[in-house]
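First the structure, in the form of structure tokens, and then the observations on it.
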Amino acid sequence: MLEAEFDKFAGEYEQAHAASIRLSGEAPDFFAKYKIADVAARLARQGEKPARILDFGAGVGNSLGPMRAAFPESDIVLLDPSAQSLDIASARFPGQASFQPFDGQAIPYDDNQFDLIFTACVFHHIPEEMHVGLLREIGRVLKPGGSFFLFEHNPWNPLTLHAVRNCSFDENAVLINAPQMKRRMAAAGLSRTKTVYRIFFPHFLARLRPLERYLAGLPMGAQYFVHAVKPIV
């Protein structure tokens, strides 16, 4: 999507998102919270407390509330090509983060600046030919030993496909399966990766969600994340 397209949908993002995921039985907040909870739990197991976090493609700031709750002492930067989206995020969460526009190609920070970089369902909006370059940029600004978490929709899940096809701001989306994404990350120098599949049960089967830990390697969850760690040279 071009910047103008993101701006076009910024004001109606919440309503469009809620409508597209109706079959899941969950509100958008559920998806924002589970992602940050997964990140926080994984970092806690590794004994990591990120001092500086970049939310790449942060949009209207849906992840910021859970992120601020999970990492209250961290310096958080929301990065997005849509100035209008960042204006909305800033109005929703005044003083809780820095709100940084960028040109969609070069991340405007020096090398090795962030302990944690997070991106949620962003890359399916970006033309495929730009993926490796942007992933390389993410690797550039990530500190050695730092973590990068990339969440995406799983195109092998039929409910995910239904949601994307019925979402106005996903009209240009091209979903990426996890093996493809891992290959692109490796091409960008992010080769130490692990894939975890998530969201196997809709709300009416929520009591079964504790079983997801045993299904994390099954490529049928509605979403997945790839966790990469930047090598320490």
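The values are calculated or read from the model by the stated rules, or taken from the named source; none is laboratory data. The structure presented is a predicted model; accordingly, all values stated were derived computationally and were not measured. Virtual Cβ from ideal backbone geometry, glycine too; neighbours counted across all protein chains shown.
Taking GLU129, is it modelled with pLDDT of 95 or more, in a helix (DSSP H, G or I) and either touching a Pro at 6+ places or on another chain (Cβ under 9 Å) or more than 30 Å from GLU48 (Cα to Cα) (or both)? Lay out the reasoning, then the answer.
On the way: modelled with pLDDT of 95 or more: yes; in a helix (DSSP H, G or I): yes; either touching a Pro at 6+ places or on another chain (Cβ under 9 Å) or more than 30 Å from GLU48 (Cα to Cα) (or both): yes.
Against the criterion (modelled with pLDDT of 95 or more, in a helix (DSSP H, G or I) and either touching a Pro at 6+ places or on another chain (Cβ under 9 Å) or more than 30 Å from GLU48 (Cα to Cα) (or both)), GLU129 qualifies.
Within segment 82-99, is there a residue that is under 20 Å from ALA40 (Cα atoms), part of a helix (DSSP H, G or I) and either at pLDDT 95 or above or touching a His at 6+ places or on another chain (Cβ under 7 Å) (or both)?
No, because not a single residue in segment 82-99 is under 20 Å from ALA40 (Cα atoms), part of a helix (DSSP H, G or I) and either at pLDDT 95 or above or touching a His at 6+ places or on another chain (Cβ under 7 Å) (or both).
This table checks each residue for (1) in contact (Cβ under 8 Å) with a residue 12 or more places away in the chain; (2) in contact with a helix residue (DSSP H, G or I) (Cβ under 6 Å, 6 or more places away or on another chain); (3) of a type outside the set (Asp, Glu); (4) closer than 26 Å to HIS131 by Cβ.
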{"residue": "ARG52", "(1), (2), (3), (4)": "yes, no, yes, yes"}
{"residue": "VAL60", "(1), (2), (3), (4)": "yes, yes, yes, yes"}
{"residue": "ASP80", "(1), (2), (3), (4)": "yes, yes, no, yes"}
{"residue": "ASP103", "(1), (2), (3), (4)": "yes, no, no, yes"}
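What pairs can you find where one residue is in segment 199-216 and in a loop (DSSP other than H, G, I, E, B), the other is hydroxyl-bearing (Ser, Thr, Tyr), and their Cβ atoms are less than 7 Å apart, with a gap of 6+ or different chains?
Pairs that qualify, where the first residue is in a loop (DSSP other than H, G, I, E, B) and the partner is hydroxyl-bearing (Ser, Thr, Tyr), are PRO202/SER24; LEU215/TYR197; ALA216/TYR197.
What tally of residues in segment 159-213 results from selecting those that are hydroxyl-bearing (Ser, Thr, Tyr) and surrounded by 16 or more Cβ atoms within 10 Å (Cβ to Cβ)? Can you show your working first?
Of segment 159-213, the ones hydroxyl-bearing (Ser, Thr, Tyr) are 160, 168, 191, 193, 195, 197.
If we keep only those that are surrounded by 16 or more Cβ atoms within 10 Å (Cβ to Cβ) too, we end up with 160, 193, 195, 197.
Of the residues in that region, 4 qualify.
Taking the condition in contact (Cβ under 8 Å) with a residue 40 or more places away in the chain and either at positive phi or in contact with a Pro (Cβ under 9 Å, 6 or more places away or on another chain) (or both), does PRO144 pass?
yes
Does HIS131 satisfy being within 29 Å of GLY221 (Cα to Cα), under 17 Å from the mean Cα position of the chain (by Cα), surrounded by fewer than 21 Cβ atoms within 10 Å (Cβ to Cβ) and in contact (Cβ under 8 Å) with a residue 60 or more places away in the chain? Walk me through it before giving the result.
Working: within 29 Å of GLY221 (Cα to Cα): yes; under 17 Å from the mean Cα position of the chain (by Cα): yes; surrounded by fewer than 21 Cβ atoms within 10 Å (Cβ to Cβ): yes; in contact (Cβ under 8 Å) with a residue 60 or more places away in the chain: no.
When the stated conditions are applied, HIS131 does not pass them.
Considering only segment 170-208, state which residues are at pLDDT below 90 and under 16 Å from the mean Cα position of the chain (by Cα).
ASP170, ALA173
Could you check segment 214-233 and list, in sequence order, the residues that are exposed (fewer than 13 other Cβ atoms within 10 Å of the Cβ), farther than 18 Å from PRO158 by Cα and among the aliphatic types (A, V, I, L, M)?
ILE232, VAL233
Could you list all residues from segment 159-169 that are over 18 Å from the mean Cα position of the chain (by Cα) and either modelled with pLDDT of 90 or more or not in a helix (DSSP H, G or I) (or both)?
ASN166 - this is the single residue of segment 159-169 that is over 18 Å from the mean Cα position of the chain (by Cα) and either modelled with pLDDT of 90 or more or not in a helix (DSSP H, G or I) (or both).
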